[in-house]
Amino acid sequence: MFEYELETQFRCAGSAGFVNWIDNTLGIAKTANVLWDGTENFDFQIMSSPLEVENAIRAKAGHG
């Protein structure tokens, strides 16, 4: 098993609230964003392959 520490990230139109929520949810850092109340427009899914991710992105892009 390998463990990597990412020093930077690149996101298109990402929000600090989402990153803070992920940090809090995964136990990386305690943040004020403890609960996701659904008012922000995130689509969080776990997918089994990069192809599945690509297909989902293309489908969303196709719908605008």
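The values are calculated or read from the model by the stated rules, or taken from the named source; none is laboratory data. The model shown is predicted, which means the values in this text are computed figures rather than measured ones. Using ideal geometry, Cβ is built from the backbone for each residue, glycine included, and neighbour counts are taken over all protein chains shown.
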Exercise. Any chance you could count how many residues in the range 10-27 are at pLDDT 80 or above and part of a loop (DSSP other than H, G, I, E, B)?
Key: 2
Practice problem: For residue 30, state whether it is out of contact with any strand residue (DSSP E or B) (no Cβ under 6 Å at 6 or more places or on another chain), of a type in the set (Lys, Arg), modelled with pLDDT of 85 or more and in a loop (DSSP other than H, G, I, E, B). | Solution: yes
